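A.B. asks: Got a structure here, written out as structure tokens. Questions coming.
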Amino acid sequence: MRGAKSAKWVAMAAVVALGATACGGGGDSGDNEKAAVDPNGVYTYQDVEPQNPLIPTNTNEVGGGYILKNLFRGLVDYDVKGKLRNQVAQSVESPDNQKFTVKLKKGWKFHNGEPVTASSFVDAWNYGANGKNAQLNSSWFADIKGFDQVHPEKGDPKADKMSGLKVVNDNEFTIELSHPVSTFKDRLFYDAFYPLPKAFYKDPKKFGEAPIGNGPYEVDGKWEHKVQFKVKKYAGYEGVDKPKNGGIVFKFYNKDESAYNDLVSDKLDIMYQVPPSSINVYKTDLGDRSADQMFGGNTTIAFPMYDKAWAKPEKAKVRQGLSMAIDRETITKTALKGSKDPADGWTPKVVEGYQPNACGEYCKFDPKKAKQFIKDGGGVPGNKMTIAYNADGGNKEWAEAVCNDIKQNAGVPCAAEPRATFQQLRTEITDKKMNSAFRMAWVQDFPNISNFIAEQYRTGAGANDSGFSDKKLDKLMEQADSAKTIEESNKLYAQAEAKLKDTMPSIPLFFDHTNGGHSKNVQNVKFDTFRQAIWTDVEVKK
Amino acid sequence: MGRYVARRLLQMIPVFIGTTLLIFLMVYSLPGDPVKALFGQRASDPATVERLRHQFGLDKPLLAQYWDYITGLFRGDFGQSFTGRPVADLMADAFPVTIRLALLAFGIELVVGVALGVVTGLMRGKFVDRFVLVFTLIVTSIPVFVIGFVTVFLFGLKWKVITPTVQDSMDIGQLFAPAMVLGALSLAYVSRLTRTTVVENLRADYMRTALAKGLPRRRIIGVHLMRNSLIPVVTFLGTDLGTLMGGAIVTEGIFNIQGVGNTLFRAIQTSEGPTVVGIVTVLVLVYLVSSLVVDLLYAVLDPRIRYA
């Protein structure tokens, strides 16, 4: 019969297709024997097309940031373990964390031969802070005295220079802040504080296409938009971390999955974050070329404290109860396949100032207590809970798992509600339109506990999405900021963190991991607490 | 004929204005504030936001922005994207790549699709016919991204015949695999369509006449049969070119090709009005021109069709 004949062929075709997919995923044990190194070897690094021209005071995203971090060096930076070390600065001293004296090392030069002087820093910072230039990173200079003259809330700036910055001589300048900030020295590592050569002011647009920095690498050729950006070793680099390779090619990818395919075929050398679809297989695919370590990032769900129902004081018990209904251990092991760690506080383990169990018993799984606490607090407002998250960030798995736990263990109906893009979620959050839980994550600006507590829990802070306000905690944070030593500051911030569990404006969920890997062409690839590879240490095999 | 062409070209103008206005309005009504989104997770600084908004012209009323855009367009200025690069540059980078990919896919589906269609139409009922029918059935039922991923997996990762992503977007050789993936669905349609019309036309009276008159087989098939069978196929192919260029997003994503589809996607995500309108305008023009060409081709293929 005609019909049977076609059916035979269909069946055969189906068998062939299934057979092909079944023979998938050949493992690789990885060959990490110490091979001979080519000191001029060039390797490729996963990146995305930068959103803005490459100007340090205007780059706040990963795509441009990674390139700038190799073209420039600031006063200080962090080593692989997260310890602050001096780069261009010989010393950054302050008796009171309000007045700083910065002395520079001699001999540093920009890639075009210009010397790096105190004015290179001061002029660059004045440019970045100046409201007229509308630089995205201008708020980093907000603590410096005279900032509000240069960057008023409304209208044109009244001055071009901040009064708190004074050049003493070519190798020395002073900074005066409008109030003491104990972590100011830590902040100086950020891209916004990089020095700029005089060549920048002549043509900022051209500079943004091919920046002239003072870092271990300089621009190689042109910026091939959307394709790649090449940098090569700079022979005159004065820093302690001299490159062990000849250059880097930052390859721009639109989709993580394509980048991962390239990594597995050795067409891409380093990936700092494998896509969610490959989390299960990347360790088998890459063997010991995979990297799985904690970094300075966490995931929490926050509650809208500006909402009348959630702001009632007894609701703190409800939030504590909800937190105890979540079995973090099981979720990280099963739904997340070990790609995150359970959180026991608001500060990740690898960050300076971390204290174990800041969240106390409220982050330990206890379904009986959970139900009791929620009952004592008068139940969840509306007796329903939702978790809002952005669908374009690989958050579906944990959001749904957490909601399931709440449903099962606390008996509270819970739904995970995605928003299409990060942008959309952020707009809803900053417009204070939330009426139930939402994703609030934080990746460190610098590895210190203050960054995780102050930015999100101080009254009126920039990233205080929940609208949380506690005057006692504000006072503690102020005291910490004015502390004379960083150790004292850390102790006071730890007290503030411990107090957070009494009101529980957010529930700490996980400490995030770097899940990355490298190809067979390179070795000695290490990731730091910022989820960045130590670019200068990567060795290219011969 | 000349008047017909002129009339068609004039008709393009209102279509052009209508589409650009519509796209403009749609982009600006997308949720989310594009300027605040530039700050990422961090809080936006109100003074900088104001200034940037003014810089991008976002503080003017919507119709004023549209007017600025149209007048700029006549000067050849497609506007500026949020990255500071002129949109014209972005398009000049992206279009050549997509044009290559689309033309390659178009060529493949034209040549292979029509050939398969003719062969199966002539050999109706035989093994070749059944095999091609099953093959096209499978291709039409599998979504394009699955075909793409399976292609990358089999040919790129397992058998290592191709690189999993396109390393150099301008190299035609490397664009072959993505072109095949992109054109696969249309190829299936073209071959089935051709087969149907060939089978139908084989029964026509003029075919019997040609055969009776003793014309060589090659001429019967190549000229008499093909000219009539191709009319519906040409209709499909004409609209397909525009679809190929705009709809290559998925394929471009999988193979990491830096073309129009991806630029458009990113621009929509960040609500960059000028970029979206610029790209869509060009795509609309491509669509209009190709449908005009298709209509003109009818007259070439079938002398009975005449345009006033």
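No value in this document is a laboratory result; all are computed from the given coordinates. This one's a predicted model, so the numbers in the text were calculated from it and none came from an experiment. A quick note on method: Cβ atoms are made from the backbone with ideal geometry, for glycine too, and the neighbour counts reach across all protein chains shown.
A.B. asks: Please give me, ordered by residue number, the trypsin sites (Lys or Arg not before Pro) of segment B:152-196 that lie in loop per DSSP and have at most 14 other Cβ atoms within 10 Å. Write out the running numbers ahead of the final one.
C.D. replies: Details: sites: B:K158, B:K160, B:R192, B:R195; in loops: B:K160.
Answer in residue order: B:K160.
A.B. asks: Among bridges DSSP assigns within the protein assembly as shown, what percent are antiparallel (round to 5)? Write out the running numbers ahead of the final one.
C.D. replies: Numbers: 54 of 70 bridges.
Of the beta bridges lying entirely in the protein assembly as shown, close to 75 percent run antiparallel.
A.B. asks: Just report the Cα centroid separation between segment A:164-225 and segment A:421-493, whole Å.
C.D. replies: 27 Å
A.B. asks: Once R0 is set to 45 Å, what does the formula 1/(1 + (r/R0)^6) return for the Cβ-Cβ distance between B:L154 and B:D205, expressed as a FRET efficiency to the nearest 0.05?
C.D. replies: Details: r = 48 Å, r/R0 = 1.07.
It comes out at approximately 0.40.
A.B. asks: Now for a different question. For a test of the definition: using alpha carbon positions, the gyration tensor, and the 1.5 limit on a/c, classify segment A:47-193 as rounded, prolate or oblate.
C.D. replies: Because its axes are fairly even, with a/c under 1.5, segment A:47-193 counts as rounded.
A.B. asks: I've got another one for you. Using only atoms on other chains, find how many Cβ atoms lie within 10 Å of each Cβ of peptide A:255-268 and report the average. All intermediate terms of the calculation are to be shown ahead of the outcome.
C.D. replies: Numbers: counts 8, 0, 7, 10, 3, 1, 11, 7, 1, 3, 8, 0, 6, 3.
Mean number of neighbouring Cβ atoms from other chains: 5.
A.B. asks: Arranged from highest to lowest average of other beta-carbon atoms within 10 Å per residue, in what order do the peptides A:310-319, A:323-332 appear? Don't skip to the answer; put the middle values down first.
C.D. replies: On the way: A:310-319: 18.2, A:323-332: 22.0.
Ranking, from highest mean packing down: A:323-332, A:310-319.
A.B. asks: Name the residues whose placed amide hydrogens come within less than 5 Å of the amide hydrogen of A:Q228, ignoring near sequence neighbours (fewer than 5 apart) on the same chain.
C.D. replies: The answer is A:F252.
A.B. asks: Just tell me how shielded A:421-431 is by partners: mean number of partner chain Cβ atoms within 10 Å of each residue's Cβ, no decimals. Display every interim value, and only then the final one.
C.D. replies: Details: counts 8, 5, 12, 6, 1, 9, 6, 2, 1, 6, 2.
Mean shielding count: 5.
A.B. asks: Could I ask something else about it? With a ≥ b ≥ c the root eigenvalues of the C-alpha gyration tensor of chain A, is it rounded (a/c under 1.5), prolate (a/b larger than b/c) or oblate?
C.D. replies: Working: a/c = 1.94, a/b = 1.11, b/c = 1.74.
Here chain A falls in the oblate category.
A.B. asks: Please give every one of the aspartates and glutamates within straight-line cross-link reach of A:K103, meaning a C-alpha to C-alpha distance under 12 Å, and leave out same-chain neighbours fewer than 8 residues apart.
C.D. replies: A:E93, A:D170, A:E172
A.B. asks: A further question follows. Using 23 Å as the Cα-Cα cut-off, could you pick out the over-long pairs in A:K364/A:K432; A:K166/A:K205; A:K333/A:K432; A:K69/A:K206; A:K109/A:K541; A:K69/A:K166?
C.D. replies: Numbers: A:K364/A:K432 30 Å; A:K166/A:K205 28 Å; A:K333/A:K432 34 Å; A:K69/A:K206 19 Å; A:K109/A:K541 30 Å; A:K69/A:K166 26 Å.
Beyond 23 Å: A:K364/A:K432; A:K166/A:K205; A:K333/A:K432; A:K109/A:K541; A:K69/A:K166.
A.B. asks: I've got another one for you. Please list 3J(HN,Hα) in residue order for segment A:193-205, calculated via the Karplus relation 6.51 cos²θ - 1.76 cosθ + 1.60 where θ = phi - 60°; whole Hz, with x for glycine and proline.
C.D. replies: For segment A:193-205, the Karplus curve yields 8, 5, x, 10, x, 5, 4, 4, 5, 5, 8, x, 5 Hz.
A.B. asks: Here is a follow-up. What longest region of chain B stays clear of chymotrypsin sites (Phe, Trp or Tyr not before Pro) that DSSP places outside H, G, I, E and B and that have at most 15 other Cβ atoms within 10 Å? Walk me through the numbers before you get to the answer.
C.D. replies: Working: sites that count: B:W159, B:Y307.
With chymotrypsin sites (Phe, Trp or Tyr not before Pro) excluded where exposed in loops, chain B gives B:1-158 as its longest stretch.
A.B. asks: Counting other C-beta atoms within 10 Å, and keeping those with at most 15, which DSSP coil GluC sites (Glu not before Pro) do you find in segment A:385-477?
C.D. replies: Numbers: sites: A:E397, A:E400, A:E428, A:E455; in loops: none.
Of the GluC sites (Glu not before Pro), not one in the loops of segment A:385-477 has a Cβ with at most 15 other Cβ atoms within 10 Å.
A.B. asks: List the residues, sorted by chain then number, that are 5 or more residues from A:R419 or on another chain and whose placed amide H is less than 5 Å from its amide H.
C.D. replies: Amide H to amide H, under 5 Å and 5 or more residues apart or across chains, A:R419 pairs with A:Y389, A:N390, A:A391.
A.B. asks: Highest GNM mean-square fluctuation, chain B, Cα pairs closer than 10 Å: which of B:M12, B:M207, B:M91?
C.D. replies: B:M207
A.B. asks: To continue, here is another question. Taking chain B as a Gaussian network, where each spring joins two C-alpha atoms under 10 Å apart, which residue of B:L21, B:L154, B:L116 fluctuates the most?
C.D. replies: Among B:L21, B:L154, B:L116, the largest mean-square fluctuation in the Gaussian network model of chain B belongs to B:L154.
A.B. asks: List the trypsin sites (Lys or Arg not before Pro) within segment B:199-236 that DSSP assigns to loop and that have no more than 14 neighbouring Cβ atoms inside 10 Å.
C.D. replies: Values: sites: B:R203, B:R208, B:K213, B:R217, B:R218, B:R219, B:R227; in loops: B:R203, B:K213.
Within segment B:199-236, the qualifying trypsin sites (Lys or Arg not before Pro) (loop, at most 14 other Cβ atoms within 10 Å) are B:R203, B:K213.
A.B. asks: Here's something else I'd like to know. If you take each beta carbon of peptide A:521-529 and count the beta carbons of other chains within 10 angstrom, what is the mean? Don't skip to the answer; put the middle values down first.
C.D. replies: On the way: counts 0, 0, 0, 0, 0, 0, 0, 0, 0.
What the average comes to for A:521-529 is 0.
A.B. asks: Still on this structure, please answer the following. Return the FRET efficiency for the residue pair A:A309, A:S178: r is the Cβ-Cβ distance, R0 is 51 Å, and the value is rounded to the nearest 0.05. Mind showing how you got there, number by number?
C.D. replies: On the way: r = 38 Å, r/R0 = 0.75.
After rounding to 0.05, the efficiency reads 0.85.
A.B. asks: Before rounding to the nearest 500, sum -39500 (n - 2.57) across all DSSP H runs of length at least 4 in chain A and divide by the residue total; then give [θ] at 222 nm in deg cm²/dmol.
C.D. replies: On the way: 18 runs with 163 residues, N = 542.
Mean residue ellipticity, 222 nm, calculated: -8500 deg cm²/dmol.
A.B. asks: Continuing with this model, one more query. Mind running the shape call on chain B? Use the C-alpha gyration tensor, a ≥ b ≥ c as the square roots of the eigenvalues: rounded below 1.5 for a/c, prolate if a/b tops b/c, oblate otherwise.
C.D. replies: On the way: a/c = 3.29, a/b = 1.68, b/c = 1.96.
Because a/c hits 1.5 or more and a/b fails to exceed b/c, chain B counts as oblate.
A.B. asks: Which of the peptides A:211-217, A:158-164, B:168-174 is most tightly packed, and how do the rest follow, going by the mean number of other Cβ atoms within 10 Å of each residue?
C.D. replies: Those peptides, ordered most packed to least, come out A:211-217, A:158-164, B:168-174.
A.B. asks: Still on this structure, I have one more. Whole-Hz ³J(HN,Hα) for each residue in segment A:180-188, computed from phi via Karplus 6.51 cos²θ - 1.76 cosθ + 1.60 with θ = phi - 60°, x for glycine and proline: what do you get?
C.D. replies: Values, residue by residue: x, 10, 5, 9, 4, 4, 5, 5, 5 Hz.
A.B. asks: Would you grab the residues whose amide H sits under 5 Å from the one on A:Q90? Only those 5+ places off in sequence or on another chain, please, with H modelled 1.01 Å from N.
C.D. replies: Placed amide hydrogens put A:K103, A:L104, A:K105 under 5 Å from A:Q90.
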